[in-house]
Every structure is written in structure tokens, then in C-alpha cells.
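Novice: Here it is, the structure, as C-alpha cells.
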Amino acid sequence: MPRPLRVLPTRDAIEVRDALASALEGDGPALLPVDPSAAALPGAPADVNDDVALVVATSGSTGAPKLVALGAAALRASSAAAHAALGGPGQWLLALPSHYIAGLNVLARSLDAAIDPIALPEGPFDPVAFGDAAVRLEHPRRYTSLVPVQLARLLDEPAVHDALRRFDAILVGGQATPSELLDRSRRLGLTVVRTYGSSETAGGCVYDGSPLDDVRVRIVDGEVWLSGPTLANGYLSGADTDSAFVTEAGVRWYRTGDLGTVTDGILSIVGRIDDQIVSGGTNVSLGAVESVVRRMPRLADAVVVAAPSERWGSVPVLVTTADVELALVRTAVKEALGPAAAPARIVRVERIPLLPSGKPDRQALTRLAAQ
């Protein structure tokens, strides 16, 4: 039978946690947390299926947002697997928006552990406020979840380094973490865990390349497919569900749209299927170009997008805050990926536009590069 769906602006993380607790127990309506400042959201129905506990709007960083329907069992499986991988339940510091799956995971894990989290105040991320909150964590085991730009800002603030060392694990996901950030973190003695997953998998389900308990990974024609107890029911749009979730030999899989490889059981992501362009007749992965560029000095937060070209059809364009020579970047990319992958030009900006999740706003950057 249908279950009511409650749309809740996420101004108060504790209110979201309490609403999530009721949704997971079945005492309250299914929950759809939303960004109170969002200009638009896909149409949400008044009711959902009774096996849906949580609906999450995807970030829309590369396309139109979708509404992902998750069951209580998937969220509980995700929490249990995360705590098993990390060494046991602990106290969480919420530093991410609680309308995104990574923030909701922090709240779900806190409910699973029956340990109250500490949440940062609403507003822009403040490294000093993060450090102050970290010091207030009281449990013997302490965790937080960040996106790379937050980790970078914390590493740039020496006053919070001691607070960072208090964490048993700092989960970093949402996008690829530059190797430079990982190296800096290790030199400070931090335990950083790279996570991979999405709203469709109830958040991160692969840690440092290794699948969590009962999660399966396979590569089909270069695409990463995921299976396991953390999979979402699907989207509220049936057509989207049919294209993204498939069943083969009795096993249900989520087609991620990511390109990857598995070597000795370790998953590596090399780009997106939809970030492939054809430049002068050659296939180019913008994600692969971005990976090469981000290993260069001062380019850890650079973004590579496509721009139209009368001569080549499409070309990679580098967007960055740094003052770097195009020739140096082109040489590095040519050596790694071939001449067609070399960025055609550099667009310099004062700040990389970000979505509330901390991901680069690739649609805005693509429009900028096209100009």
C-alpha cells in the first residue's frame, strides 16, 4: 500500500536524523530531505511504495537530478558494512549537507550505533569550526565524511591538524581524491579512506578500491556494475530505473555509468561513459585527462570539460584557479594519453563553482568553457 512522502528542508540536521529514524522504523512517512535554497527539484509524489524509507535527490552534477528510492534494509546494510570495514561503530562528525547521501549516511550510521553525532552549523564550510567540533567528540572511536575540497581546506589550516589526528578514519568521496591530498594527509598521520558509491548504492560501498561486505563488482564493456544489499529500489521514474538497474542470472546490478578496471580485486575508476568525446576522430575520456592534470603541481582542483571546436568537433578545456602554462599541461597529457587528449586551452577562474555537495558544477563549467 502507498506510504506518505515527507519533504523536509534540511536546515536542522538533528531534525533530519529524527525524521530518518521514524522512516527507518516505519513509524513515520518516507523522507525526502531537500536543500532549502534549491531553485528546482524533480517533481516528488505525495506517496511512495511502502518499502521505501528514504528518497534522495541526486546532485545533478552531470545531468538532470533524479529521485532515488531507498529501503530501510539497504540503509542498514550500508551502515553495518561501513562500521565493519572501519573497525566498529563510533561517533560521527557531520560536515556534509544532510540532503545528500553522504550526509544522510552519517546520520544513519549514528542511529545504527545509537551514538549522537555532532553536526557543523549551517552555512559555508569553516575549517576552524570543524576543528572545534572535532575536539568535542567524546567516543573512543571517531569518524567523519568529507569531499576532497573540504579535506584540502583542512590541510591548509595548520591550527586544525591536531583535531584531524583525533579521527580513526576520515572518509573522502563524492569525486576522485587527488593523490596530492592523499600524500599530504599521510604525512600528517591521518587515516583517509577513499570511498566510492552513489545514492543508488546507499552511499559508499567500495573503500580504497575494495568492496564492502556482500558487495560485488564486475566490469561489463568497461562499465562498472555493482550489486549487493545496499542497492536502491530504483528511481521514482520507472523508465530511469529500467535503464540503470538490470537483473542477470538472478542477480540485480546497478550500472554506474563509470568506466573502471579491477586489478587483483581492487577497483579503479578511470572516467565516465558520458564524459567521452570524439576529438578529431579520436575517443578522449575527459576523466582520464583530468586525472593526469590533477597530478601536476597546483592543479589538484582543476576540472576538464568539453568545448565545441569547428576543426576537431570537440576538445578538452582545462578550468583552473592556477596560473599555469598551457604548453606544460599539453605536454604532460600528450605523453600520457596522446595528442588528441591535450587540452586546447585554459580557462582561469577565481573560484571553481561548486554544487552544495562540494562537487564541481560541471554544467556551469561547460557553459563557461563554451564561451
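Novice: Debye calculation, C-alpha points only, no solvent: report log10 I(q)/I(0) for segment 188-284 at q = 0.16 Å⁻¹, in the same order as the q values.
Specialist: Debye intensities relative to I(0), on a log10 scale: -0.72.
Novice: What 222 nm value per residue comes from the helices of the chain, counting each DSSP H run with n ≥ 4 as -39,500 (n - 2.57) and dividing by all residues, nearest 500 deg cm²/dmol?
Specialist: -8500 deg cm²/dmol
Novice: Return the inverse of the average 1/r over all pairs of distinct C-alpha atoms in segment 233-331, which is the Kirkwood hydrodynamic radius, in Å to one decimal.
Specialist: When all Cα pairs of segment 233-331 are included, the Kirkwood radius is 16.1 Å.
Novice: Computed FRET efficiency, Cβ-Cβ of residue 366 and residue 182, R0 35 Å: what is it to the nearest 0.05?
Specialist: 0.80
Novice: Sticking with this structure for a sec: Given the C-alpha centroids of segment 241-289 and segment 132-166, what is the distance between them in whole angstrom?
Specialist: The distance from the Cα centre of segment 241-289 to that of segment 132-166 comes to 33 Å.
Novice: Let me ask something else. What is the Cα coordinate range of segment 1-137 on the first, second and third principal axes, sorted by size from largest, in whole angstrom?
Specialist: Principal extents (Cα only, largest first): 45, 32, 26 Å.
Novice: Express the C-alpha Rg of segment 273-370 as a ratio against the empirical globular expectation 2.2 N^0.38 Å, rounded to two decimals.
Specialist: Against the compact-globule rule of thumb, the ratio is 0.99.
Novice: Using C-alpha positions alone, give me the convex hull volume of segment 108-251 per residue in cubic angstrom.
Specialist: Per residue, the Cα convex hull of segment 108-251 comes to 150 Å³.
Novice: Would you please put 87-100, 269-282, 301-314 in order of how densely packed they are, using the mean number of other Cβ atoms within 10 angstrom per residue and starting with the highest?
Specialist: Per-residue mean Cβ counts within 10 Å order the peptides as 87-100, 301-314, 269-282.
Novice: Give me the three principal axis extents of the chain from the C-alpha atoms, as integers in angstrom, largest value leading.
Specialist: 60, 50, 44
Novice: How do 216-227, 137-148, 160-171 rank on mean C-beta neighbours within 10 Å, highest first?
Specialist: 137-148, 160-171, 216-227
Bear in mind that the values in this text are calculations on the coordinates, not laboratory data. Just so you know, these numbers come straight off a predicted model, no measurement behind them. In this analysis, Cβ positions are derived from the backbone assuming ideal geometry, glycine residues included, and neighbour counts consider all displayed protein chains.
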